[in-house]
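Colleague: Mind looking over this structure? Questions follow.
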Amino acid sequence: MPDFMIFLSKSLLGWLVIQSCLTLVFLWYLRSHKPKLLPDEQLPKTAVILCLRGADPFLHNCLQSLLQQNYPEYDLKLIIDSKEDPAFKIATETINQLGATNVQISTLRAIRHNCSLKCSSLVQAVSDLNNAYPVIALIDADTVAHPNWLRELVTPLIDDQVGLTTGNRWYIPTGNYWGSLVRYSGNVSSVVQMFLFQIPWGGTLAIKTEVLNRLQLLDKWGEVLTDDMLLHKLIKQEKLQIKFIPSLLMLNREESSLLNLLESLKRLIIVSKLYHPRWLAIVSEAYSSILIPNIVIIVIFQLLFEAQWYAAVLLFLSYISYTIGLVLLMLLMELGIHQVLRNQGEKIPKLSPIIFLKMLIVIPVTQWIYGLTMLSSLWTSTITWRGITYRIQGRENIRLIEYRPYQWLDQPIDPKASL
């Protein structure tokens, strides 16, 4: 047992050192990045595509921000699931309020049963575009863009070596639900991981139209579950770069209950298993950050049961040191990203001692939830996404089981809750 305890303690502290180094690399990149904004005459005309099913909590803010971009020539293309969808009313009202003329609303015409509804919408939106748009940008309804969002997203594409640009989302740690806190905790490491592995995020993404056509992306979108994660491999095959833009870390204020979080986590893990270019690295990371800490907890209880108090206390101190170290890394990330958010004009929630205590609790909870969800994904073959169930039998073997339009009754009771 002593040798095993030493192994567990060294594993915990060793993994904490690795996570600290990776976090510092990310924060260094964040701090050293200086956004370059091109003049109007050098910016290509761009189509911004937003696919909607259901009225996301901040949809009005999202649309308003997209229609007030500091960008010379761009058009917003909305693909809404159906005219019955709650998003349709919000979109038309917002457009009328602003008197916007550079926006077009379409409803989804063809329901493809061998890919997700979002991919169906993207295929339709891109197919409807003419040759006037050298760049296509994608955004999700949970993204509220700052005025320079599109300019910062498109500018790096002027480089011939860059094929795709992207940002990422950042949740706030002041949620009212434990699900929101667990999601925040998991996203902290996910942001660093996606930066290191160069995984695009469809909530803020731009790609050259010429590259999109070269990749035959419409054909690929027509048979997959996700629009973004598979892009890493495709872009790298063309020997092009994926550029992460630190100034495009977008604040998300939505709430999530634990029940809703479990469904979205299951979808995320299954999508990662199907399309993530470094899935084995994800499994290794899960072993270090989920399995080892939980084994430590089990061993501590075993030592207490056997009345080995001294050994239990020593191992418990290692576990507490590891957990406090993770909380400090989360706070370091939070402070580093605050500057980015302030530059966007966002109001930053204050961090209180209560939040620090909640983080201490939420870290082991996050490890348990992610661990159980990864285990359950081994035998899960169906997922539910915005009221639609998909059967998954392989990377390009997706089946939409039954379609129905989204209704007002499908909206969450909490107006800030994620769909």
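Colleague: With the requirement that a residue be under 16 Å from LEU212 (Cβ atoms) and in contact (Cβ under 8 Å) with a residue 40 or more places away in the chain, what does the stretch 157-177 give you? Full working, then the answer.
Modeller: Start the filter on the stretch 157-177 by keeping residues that are under 16 Å from LEU212 (Cβ atoms), which leaves 157, 160, 162-166.
LEU157, VAL162, GLY163, LEU164, THR165, THR166, listed by residue number.
Colleague: What are the residues in the stretch 241-265 that are of a type in the set (A, V, I, L, M) and open to solvent by 20 Å² or more (accessible area, probe 1.4 Å), if any? Spell out the reasoning first.
Modeller: We begin by selecting, within the stretch 241-265, every residue of a type in the set (A, V, I, L, M); these are 242, 245, 248-251, 258-259, 261-262, 265.
If the condition is that a residue be of a type in the set (A, V, I, L, M) and open to solvent by 20 Å² or more (accessible area, probe 1.4 Å), then LEU258, LEU259, LEU262 are the ones that fit.
Colleague: Confirm whether GLU238 is modelled with pLDDT under 95, more than 16 Å from the chain's Cα centre (by Cα) and closer than 27 Å to ASN114 by Cβ. Write out each step before concluding.
Modeller: On the way: modelled with pLDDT under 95: yes; more than 16 Å from the chain's Cα centre (by Cα): yes; closer than 27 Å to ASN114 by Cβ: yes.
It is true that GLU238 is modelled with pLDDT under 95, more than 16 Å from the chain's Cα centre (by Cα) and closer than 27 Å to ASN114 by Cβ.
Colleague: Assess whether ILE111 counts as being aliphatic (A, V, I, L, M) and open to solvent by less than 10 Å² (accessible area, probe 1.4 Å).
Modeller: On the way: aliphatic (A, V, I, L, M): yes; open to solvent by less than 10 Å² (accessible area, probe 1.4 Å): no.
No, not satisfied.
Colleague: Ok, one more. Which numbered condition in (1) open to solvent by less than 70 Å² (accessible area, probe 1.4 Å); (2) in contact with a strand residue (DSSP E or B) (Cβ under 6 Å, 6 or more places away or on another chain); (3) of a type outside the set (Gly, Ala, Ser) is the only one that LYS416 fails?
Modeller: It is condition (1) that LYS416 fails.
Colleague: Checking ILE270 against (1) out of contact with any Gly (no Cβ under 9 Å at 6 or more places or on another chain); (2) open to solvent by 20 Å² or more (accessible area, probe 1.4 Å); (3) closer than 28 Å to ILE383 by Cβ; (4) not hydroxyl-bearing (Ser, Thr, Tyr), which test does it fail?
Modeller: (2)
Colleague: Just checking, how many residues over the stretch 388-410 are surrounded by fewer than 17 Cβ atoms within 10 Å (Cβ to Cβ) and either modelled with pLDDT under 90 or more than 21 Å from the chain's Cα centre (by Cα) (or both)?
Modeller: First pass over the stretch 388-410, keeping only residues surrounded by fewer than 17 Cβ atoms within 10 Å (Cβ to Cβ): 389, 391, 393-397, 399, 401-405, 407-410.
From the residues that got through so far, the ones that are either modelled with pLDDT under 90 or more than 21 Å from the chain's Cα centre (by Cα) (or both) too are 391, 393-397, 399, 401-405, 407-410.
Residues that pass the stated criteria total 16.
Colleague: Still on this model: Yes or no: the stretch 82-89 includes at least one residue that is open to solvent by less than 10 Å² (accessible area, probe 1.4 Å) and closer than 22 Å to LEU212 by Cα. Don't jump to the end; show me each part of the working.
Modeller: Step one: list which residues in the stretch 82-89 are open to solvent by less than 10 Å² (accessible area, probe 1.4 Å), which gives 85-87.
Okay, now just the ones that are also closer than 22 Å to LEU212 by Cα, so none.
No: zero hits.
Colleague: Now, a different point. When you look at THR204, is it over 17 Å from CYS119 (Cβ atoms) and of a type in the set (Val, Ile, Thr), yes or no?
Modeller: Details: over 17 Å from CYS119 (Cβ atoms): yes; of a type in the set (Val, Ile, Thr): yes.
Against the criterion (over 17 Å from CYS119 (Cβ atoms) and of a type in the set (Val, Ile, Thr)), THR204 qualifies.
Colleague: Regarding the stretch 325-336, can at least one residue be identified that is part of a helix (DSSP H, G or I), acidic (Asp, Glu), under 21 Å from the mean Cα position of the chain (by Cα) and surrounded by fewer than 19 Cβ atoms within 10 Å (Cβ to Cβ)? I'd like the intermediate steps shown before the answer.
Modeller: Restricting attention to the stretch 325-336, the residues satisfying the condition of being part of a helix (DSSP H, G or I) are 325-336.
Then drop every residue that is not acidic (Asp, Glu), which leaves 334.
Filter once more, keeping what is under 21 Å from the mean Cα position of the chain (by Cα): 334.
Those left that are additionally surrounded by fewer than 19 Cβ atoms within 10 Å (Cβ to Cβ): none.
No: zero hits.
Colleague: While we're looking at this one, here's another question. Within the stretch 351-393, which residues are charged (D, E, K, R) and free of Cβ contacts under 8 Å to residues at least 60 places away in the same chain?
Modeller: The initial filter retains those residues of the stretch 351-393 that are charged (D, E, K, R), namely 358, 386, 391.
Answer for the stretch 351-393, where residues must be charged (D, E, K, R) and free of Cβ contacts under 8 Å to residues at least 60 places away in the same chain: just ARG391.
Colleague: Let me ask something else. Of everything in the stretch 117-135, what is open to solvent by 40 Å² or more (accessible area, probe 1.4 Å), in contact with a Ser or Thr (Cβ under 9 Å, 6 or more places away or on another chain) and of a type outside the set (Asp, Glu)? Give them in sequence order. Before you say what the answer is, go through the steps one by one.
Modeller: The initial filter retains those residues of the stretch 117-135 that are open to solvent by 40 Å² or more (accessible area, probe 1.4 Å), namely 118, 127-128, 130-132, 134.
Now restrict to residues that are in contact with a Ser or Thr (Cβ under 9 Å, 6 or more places away or on another chain): 118, 128, 131, 134.
If the condition is that a residue be open to solvent by 40 Å² or more (accessible area, probe 1.4 Å), in contact with a Ser or Thr (Cβ under 9 Å, 6 or more places away or on another chain) and of a type outside the set (Asp, Glu), then LYS118, ASN131, PRO134 are the ones that fit.
Colleague: Going through ASN70, ASN61 one at a time, which residue ends up being out of contact with any helix residue (DSSP H, G or I) (no Cβ under 7 Å at 6 or more places or on another chain), open to solvent by 30 Å² or more (accessible area, probe 1.4 Å) and either outside any strand (DSSP E or B) or touching a residue at least 12 places away in the same chain (Cβ under 8 Å) (or both)? It would help to see each step written out before you state the result.
Modeller: Working: ASN70 fails: out of contact with any helix residue (DSSP H, G or I) (no Cβ under 7 Å at 6 or more places or on another chain).
The conditions single out ASN61.
Colleague: Condition test on GLY186, is it open to solvent by less than 30 Å² (accessible area, probe 1.4 Å), within 12 Å of the chain's Cα centre (by Cα) and modelled with pLDDT of 95 or more? Write out each step before concluding.
Modeller: Values: open to solvent by less than 30 Å² (accessible area, probe 1.4 Å): yes; within 12 Å of the chain's Cα centre (by Cα): yes; modelled with pLDDT of 95 or more: no.
Judged against the criteria, GLY186 is not a match.
Colleague: Which of the residues spanning the stretch 66-80 are of a type outside the set (A, V, I, L, M) and under 17 Å from GLY202 (Cβ atoms)? Step through it out loud before you land on a result.
Modeller: Restricting attention to the stretch 66-80, the residues satisfying the condition of being of a type outside the set (A, V, I, L, M) are 68-75, 77.
Scanning the stretch 66-80 gives a single hit, LYS77.
Colleague: Now a separate question. Test THR165 against the stated conditions and say whether it is closer than 26 Å to GLN198 by Cβ and of a type in the set (S, T, N, Q). So that I can check it myself, show each step before the final result.
Modeller: Details: closer than 26 Å to GLN198 by Cβ: yes; of a type in the set (S, T, N, Q): yes.
Spelling it out, THR165 is indeed closer than 26 Å to GLN198 by Cβ and of a type in the set (S, T, N, Q).
Colleague: Does LEU30 satisfy being modelled with pLDDT of 95 or more, outside any strand (DSSP E or B) and either within 30 Å of VAL327 (Cβ to Cβ) or touching an Asp or Glu at 6+ places or on another chain (Cβ under 6 Å) (or both)?
Modeller: Details: modelled with pLDDT of 95 or more: no; outside any strand (DSSP E or B): yes; either within 30 Å of VAL327 (Cβ to Cβ) or touching an Asp or Glu at 6+ places or on another chain (Cβ under 6 Å) (or both): yes.
No; evaluated as a whole, the condition is false for this residue.
Colleague: Here is a follow-up. Output the qualifying pairs, or none if there are none: Cβ atoms under 7 angstrom, residues six or more apart or on different chains, first residue in the stretch 212-238 and free of Cβ contacts under 8 Å to residues at least 60 places away in the same chain and buried (at least 20 other Cβ atoms within 10 Å of the Cβ), second residue of a type in the set (Phe, Trp, Tyr) and not in a loop (DSSP other than H, G, I, E, B).
Modeller: Note: pairs meeting the criteria are MET229/TYR275; LEU230/TYR275.
Colleague: Can you pull out the strands (runs of 3 or more DSSP E) entirely within the stretch 360-415 that have at least 2 residues that are of a type in the set (Ser, Thr, Tyr) and within 27 Å of LEU59 (Cβ to Cβ)? Steps first, answer last, please.
Modeller: On the way: elements: 382-385, 388-394, 397-400.
Qualifying strands (runs of 3 or more DSSP E): 388-394.
Colleague: Another question, then. Give the residues of the stretch 359-372 that are crowded, with 20+ Cβ neighbours inside 10 Å and either of a type in the set (Val, Ile, Thr) or more than 21 Å from the chain's Cα centre (by Cα) (or both), sorted by residue number.
Modeller: Let us first name the residues in the stretch 359-372 that are crowded, with 20+ Cβ neighbours inside 10 Å, namely 359, 362-363, 366-367, 369-370.
Scanning the stretch 359-372 gives VAL362, ILE363, THR366, ILE369.
Colleague: Being more than 24 Å from TRP408 (Cβ to Cβ) and open to solvent by less than 20 Å² (accessible area, probe 1.4 Å) is the filter here; which residues of the stretch 31-58 pass it? Lay out the reasoning, then the answer.
Modeller: Within the stretch 31-58, the subset more than 24 Å from TRP408 (Cβ to Cβ) is 31-49.
Across the stretch 31-58, the qualifying residues are LEU43, THR46, ALA47, VAL48, ILE49.
The values are calculated or read from the model by the stated rules, or taken from the named source; none is laboratory data. Not measured: the values here are computed from a predicted model. Cβ sites come from the backbone with ideal geometry, for glycine too, and all protein chains shown count toward neighbours. Accessible surface areas use protein heavy atoms only, side chains included; no ligands, DNA or RNA. Shrake-Rupley method; radii C 1.70, N 1.55, O 1.52, S 1.80 Å.
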